[in-house]
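What follows is one structure encoded as structure tokens, with my remarks underneath.
The values are calculated or read from the model by the stated rules, or taken from the named source; none is laboratory data. None of the values given here were measured: they were computed from a predicted structure. Please note: Cβ atoms are built from the backbone with ideal geometry, for glycine as well, and neighbour counts cover all protein chains shown.
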Amino acid sequence: MVYEFDTFALDVDRRALLSSTHGEVPIPAAAFDTLAYLVGHAGDIIDKSTLLLAVWPGVSVEENNLAQSISILRRVLGERPGDDRFIATVPNRGYRFVATVAPRVPRSKRSADARAYQAYVTGLSAVTRPGGNSLECALRAFEEAVARDPNFALAYVRLAHCYALLSVFGVEGPDEALPKARASAMRALELAPDLAEAHAQFAHIGLFSLDWVTSEREFQRALELDPHLALAHHYMGLMRLAQGEIADALRAMQRAQALEPLALIFSANVGMTYYYARRYDEAVAQLRATLETDPGFDHARAYLGRTYLRLGETQKAIEQFKRCTNVTFGSVADLPAAYALQGRHHEARTALQQLLDVSRHRYVSLYDVAIVYAALDDVEGALTSLEHARELAFVAVEPAFDALRSEPRFQQIVARVVRGNLTT
């Protein structure tokens, strides 16, 4: 969806603000989400509490964060004090976008229901900040979008994305989340067989079952349909990373970031790839740069902490982990592993036992449990956990498992992942 106003175009899907005179305009993530919500409700008075909920779903923030985003928007849009050409302050109520807005939607991505598309935009804002709370907010929004418009293919794509990430972050188990992800992606393909985003998402879901053949085919189809689809390059990078092909993974991640330089997840995952490549100084620099744009982006902060762990700076790592407020990929293992590597074994084992206790009544990733065992130098515990894990993600490249790499059992696990076969 592209909204045109004055000399600007706001591309919601690419998360880009374009100026006819200056090209792409750099804008922080929270400010972009604020603008997208205001533009999507142009002419309406939006109260501050509604904006806070839309821009920071599931997160408690102060109103001054919103005021800062509004100030940034006024500056980048070129508003002078008192102009109110774009954003008008309504005293004691909130804000209103007052410029004339002309929506421009590609036919294949269009919904006939305006409220369905607005729910989609709300979900898109939430899903760009991955974490348990944000993803659940996004999920509700995309479910509303497809309920209002059952033929809205792009909303099904994003619904599939949410289900997949709920599994990645351990909010739901793979057996519960992934069938729903697969069904949503297939529904999108039924509705729009030539929608590049649908092929890319179907390929992404194939990564979780290590179905490299299907994923490769679907990625290639997505890129045939849209060579500039950043999400396809990004997902391709994740597949190469899982296969242990770090150089190819980094090229794909950097290509995605080049296509959408303001997308925080692409920036963070370039840093993540540096981490897996053991290029720790570059990882620190990239992840810090991401966090300068949005200090609340916990995915980047978690990987910054993990990088500090590998550099032996355990206290710095613990400080980063304690600042995280969202569940992200692997985050349940972060503090216990850090305590273990700092020599606080009793605290690490207590935290590990709590994880094992929780696993009796809800899903806990055994991959994460293995990371804690490895930090405690418990080789048997780590290997047994990995052998029973439902997901093995980046086991081939994970630095936390470096001490296990000479173990034949570990080598067998890695070989199964790389060849794309989880059976023994």
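Tabulated results
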item	result
Condition check for residue 287: under 17 Å from the mean Cα position of the chain (by Cα) and in a helix (DSSP H, G or I)	yes
Residue list for the range 307-348, filter: part of a helix (DSSP H, G or I) and touching an Asp or Glu at 6+ places or on another chain (Cβ under 7 Å)	321, 332, 333, 339
Top-ranked residue in the range 143-192 [being part of a helix (DSSP H, G or I) and acidic (Asp, Glu); ranked as surrounded by the fewest Cβ atoms within 10 Å (Cβ to Cβ)]	175
Within the range 377-396, tally of residues that are surrounded by 20 or more Cβ atoms within 10 Å (Cβ to Cβ), assigned to a helix (DSSP H, G or I) and hydrophobic (A, V, I, L, M, F, W, C)	3
Index of the failed condition, residue 302 passing every other in (1) surrounded by 15 or more Cβ atoms within 10 Å (Cβ to Cβ); (2) outside the structural domain of residue 402 (by TED's automatic domain parsing); (3) at pLDDT below 95	(3)
The range 209-235 - residue that is without any contact (Cβ under 8 Å) to a residue 24 or more places away in the chain and crowded, with 23+ Cβ neighbours inside 10 Å and, of those, farthest from residue 15 (Cα to Cα)	218
Any hit, the range 319-330, residues being out of contact with any Gly (no Cβ under 9 Å at 6 or more places or on another chain) and of a type in the set (Ser, Thr, Tyr)	no
1 or more residues assigned by TED's automatic domain parsing to the domain that holds residue 32, of a type in the set (Lys, Arg) and at pLDDT 95 or above: qualifying helices (runs of 4 or more DSSP H) within the range 230-284	none
Unmet requirement for residue 130, which otherwise passes all of (1) surrounded by 24 or more Cβ atoms within 10 Å (Cβ to Cβ); (2) modelled with pLDDT under 95; (3) not in a loop (DSSP other than H, G, I, E, B); (4) not hydrophobic (A, V, I, L, M, F, W, C)	(3)
Search result, residues across the range 247-275 that are farther than 29 Å from residue 25 by Cα, surrounded by fewer than 20 Cβ atoms within 10 Å (Cβ to Cβ) and in contact (Cβ under 8 Å) with a residue 60 or more places away in the chain	none
Sole exception among (1) crowded, with 21+ Cβ neighbours inside 10 Å; (2) touching a residue at least 40 places away in the same chain (Cβ under 8 Å) for residue 401, by number	(2)
Among the candidates 35, 53, 66, residue that is among the aliphatic types (A, V, I, L, M), touching a strand residue (DSSP E or B) at 6+ places or on another chain (Cβ under 8 Å), part of a helix (DSSP H, G or I) and at negative phi	35
Enumeration of residues in the range 333-385 that are on the phi > 0 side of the Ramachandran plot and free of Cβ contacts under 8 Å to residues at least 24 places away in the same chain	343
